[in-house]
Every structure is written in structure tokens, then in C-alpha cells.
Amino acid sequence: MTTPAQPRRIAWEQFSLDPRREENAAMRASDRDRDVALTALNEAFADGRLDRAELDERMVVVHTGKRLGDLVWPIADLAPSAPARTVADVAGPADADLQARAERNVRAARASSLWVFLVPTVICWVIWASASVSGGGFHPQFPWPLFVMLGTGARAFSALRGDRAAEVVRERRRLVERERREARRELRDVRRTERDRRRLGDGY
């Protein structure tokens, strides 16, 4: 008598973010995310846990799924459920990309603060020097550009002396929150469109 094959484990950690977590469900799915779900479906079909019709139906859902949450139900019943892992447990490609974007934004913000200090400073000293040489009313012994430097320099110094690692963490949080807001807004739009389609379909 043949021993039934044990259900294969679903590699949830291979998703860019765990699609079972509510806060990740609305995030856009990548081709790699879809490949993970398709692999689970093909393995279940090979083990005889899905017939051809079920496989085809679920593969259509995965291929057309736009959000991580769309990829859960086609594979959720193919293996015993396990606790969802957090983003902190697995640093996937999306997390690495988020880190790189945050670091890039922090570098850009610091460079911008430096330019805000340098450009007005150079312009003011050029004006001061030209006016002093041409006798335009500015006394050479009154270096007024120093006052401009004090204002812009204090802001640049404050930006550049901050804890860069803490700034990157704050920027990551800001990016995550912004992406989740956008994903939730898009999800609401999709659900609204689906309701409209069903309403129109019921009218015929």
C-alpha cells in the first residue's frame, strides 16, 4: 500500500513580503512573487492534491493577481498553516530595495542641505567683492555675507551632523507608510470597480 505523500511546505519566506500578513496584502506583487505561488501549485498537482481543472483555475488567479493578498487563497489550503513571518524575520529583495531607496534619499537630502549653504554663500561673497572693488556702497570692512552664512550654515550644520543611521530608519518608515497608503487606495479603487462590474452584470 502506497503511503500518501505529505503536503509540501509552502516557501512563504521566498515572497518579497509575507502575503498572509494584513499589512502586506495590499502591496503590489512582483513576477517573482507569482513564480513562488505557481511553484506551489505545480508541486501540489504533481502530488495529486489538485486535478487539472483546479490547477488551471488557480493558475489564472495567480497570473492575474496584482497584489500579494491575491496570491494567498490559491495556495493556502495546499499545506498546513504556519505562523506568518514578519518582515524583520526575512529581509527579502523588496526590503533590500527599500533600504537602498531610503539611503539614497538621505544622501540626496544631505547634499541638498550642503548646496543650500554653498550657493547663496558664493553668490553673496561675489556680490560683496564686486561692490567693494567698484565702490558700490559696500564697505570692504563690513563683510555682510557672514550673516547669510550664519543663517544657511546653521541649517546645513544641523542637517549634516544628525545621526545618518537614524535618518535612514525614519526615511524607510516614511516610504513604507507611503507605499501602503498608495496600495490601500489602489485596492479600494479595484474593489469599487469590481462592485460596479458586478452591479452592471446583475442588470443584464
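Just so you know, in the range 156-180 the residues that are touching a residue at least 40 places away in the same chain (Cβ under 8 Å) and within 9 Å of the chain's Cα centre (by Cα) include one that is surrounded by the most Cβ atoms within 10 Å (Cβ to Cβ), and it is R172. I want to confirm something. Restricting to the range 125-145 and keeping residues that are of a type in the set (S, T, Y) and exposed (fewer than 14 other Cβ atoms within 10 Å of the Cβ), which single residue is modelled with the highest pLDDT? In this case the residue turns out to be S130. For the range 9-33, a residue qualifies if it is over 14 Å from R180 (Cα atoms) and polar (S, T, N, Q), and the qualifying residues are Q14, S16, S30. Restricted to the range 15-29, and to residues that are within 15 Å of A76 (Cα to Cα) and at pLDDT below 90, which residue is surrounded by the fewest Cβ atoms within 10 Å (Cβ to Cβ)? My answer is E22.
The values are calculated or read from the model by the stated rules, or taken from the named source; none is laboratory data. Note that this is a predicted model, so its numbers are computed, not measured. Neighbour counts run over all protein chains shown; Cβ positions are idealised from the backbone, glycine included.
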